[in-house]
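Colleague: Can you read through this structure? Questions will come right after.
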Amino acid sequence: MDEISWADFEKVAVKVGTITRAEDFPEARKPAYKLWVDFGPKIGEKKSSAQITKHYSKDELIGKQVVAVVNFPEKQIGPVISQVLVTGFADENGDVILAVPDKKTPNGAKLH
């Protein structure tokens, strides 16, 4: 594993946001949802694509808080421009389980 400096880590803006909307993303190569995530007044609402269909339904995602990287460049994924990277961990089958705070956290809060 490559070691990074504290300064490198500080460059990555990892923030908490709340999913406000989730839609199917049929154009994606692998099953995915289109997500809209509210990061509070400073950052606002951002779009993302997430391959989380194995563990989550669209309905259960609404109101769920997630951890995301908000300062990567935007990425075109099919017809969607993904503005943030919603994070998670692969289970034993490679399906993504979201990284989430275990208590309610203000939208836009920074990972320390």
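Colleague: Out of Gly44, Gly63, report the one residue that is touching a strand residue (DSSP E or B) at 6+ places or on another chain (Cβ under 8 Å) and loosely packed, with under 11 Cβ neighbours inside 10 Å.
Modeller: Values: Gly44 fails: loosely packed, with under 11 Cβ neighbours inside 10 Å.
Checking each option against the conditions leaves just Gly63.
Colleague: Go through segment 10-31 residue by residue and tally those that are under 15 Å from Gln83 (Cα atoms) and basic (Lys, Arg).
Modeller: Final tally of qualifying residues: 2.
Colleague: Let me ask something else about it. Just one of the numbered conditions (1) closer than 20 Å to Pro106 by Cβ; (2) of a type in the set (Phe, Trp, Tyr); (3) in contact with a Gly (Cβ under 8 Å, 6 or more places away or on another chain) is not true of Trp36; which one?
Modeller: Going through (1) closer than 20 Å to Pro106 by Cβ; (2) of a type in the set (Phe, Trp, Tyr); (3) in contact with a Gly (Cβ under 8 Å, 6 or more places away or on another chain) one by one, Trp36 breaks only (3).
Colleague: Right, Val84: buried (at least 20 other Cβ atoms within 10 Å of the Cβ) and either under 21 Å from Lys104 (Cβ atoms) or in contact with a strand residue (DSSP E or B) (Cβ under 9 Å, 6 or more places away or on another chain) (or both) or not?
Modeller: Numbers: buried (at least 20 other Cβ atoms within 10 Å of the Cβ): yes; either under 21 Å from Lys104 (Cβ atoms) or in contact with a strand residue (DSSP E or B) (Cβ under 9 Å, 6 or more places away or on another chain) (or both): yes.
So Val84 passes the test.
Colleague: Quickly run through segment 1-33 and pick out the residues that are among the hydrophobic types (A, V, I, L, M, F, W, C) and either closer than 13 Å to Gly78 by Cβ or not in a strand (DSSP E or B) (or both). Walk me through how you get there before you give the answer.
Modeller: So the first thing to find is which residues in segment 1-33 are among the hydrophobic types (A, V, I, L, M, F, W, C), and the list is 1, 4, 6-7, 9, 12-14, 16, 19, 22, 25, 28, 32.
Once the filter is applied, which keeps residues that are among the hydrophobic types (A, V, I, L, M, F, W, C) and either closer than 13 Å to Gly78 by Cβ or not in a strand (DSSP E or B) (or both), segment 1-33 yields Met1, Ile4, Trp6, Ala7, Phe9, Val12, Ala13, Phe25, Ala28, Ala32.
Colleague: Quick check: anything in segment 34-53 part of a strand (DSSP E or B), β-branched (Val, Ile, Thr) and modelled with pLDDT of 95 or more? Break it down into steps so the answer makes sense when it comes.
Modeller: Within segment 34-53, the subset part of a strand (DSSP E or B) is 34-38, 45-50.
Now narrow it down to the ones that are β-branched (Val, Ile, Thr): 37.
Remaining after also requiring modelled with pLDDT of 95 or more: 37.
Yes - at least one qualifying residue is present in segment 34-53.
Colleague: Determine if segment 72-82 includes at least one residue that is among the acidic types (Asp, Glu), modelled with pLDDT under 95, in a loop (DSSP other than H, G, I, E, B) and more than 21 Å from Pro101 (Cα to Cα). Talk me through it step by step, then tell me what you get.
Modeller: Pass one, segment 72-82, residues among the acidic types (Asp, Glu): 74.
Going one step further and asking which of them are modelled with pLDDT under 95, we end up with none.
Checked against the condition, which is being among the acidic types (Asp, Glu), modelled with pLDDT under 95, in a loop (DSSP other than H, G, I, E, B) and more than 21 Å from Pro101 (Cα to Cα), segment 72-82 yields no hits at all.
Colleague: Follow-up. Could you give me the residue pairs with C-beta distances under 6 Å whose first residue belongs to segment 36-48 and is over 14 Å from Leu61 (Cα atoms) and free of Cβ contacts under 8 Å to residues at least 60 places away in the same chain, whose second residue is in a loop (DSSP other than H, G, I, E, B) and among the β-branched types (Val, Ile, Thr) wherever it lies, and which are 6+ apart or on separate chains?
Modeller: Note: pairs meeting the criteria are Lys46/Val84.
The values are calculated or read from the model by the stated rules, or taken from the named source; none is laboratory data. Small disclaimer: the values here were computed from a predicted structure and weren't measured. Every residue, glycine among them, receives a Cβ derived from its backbone with ideal geometry; neighbour counts consider all protein chains shown.
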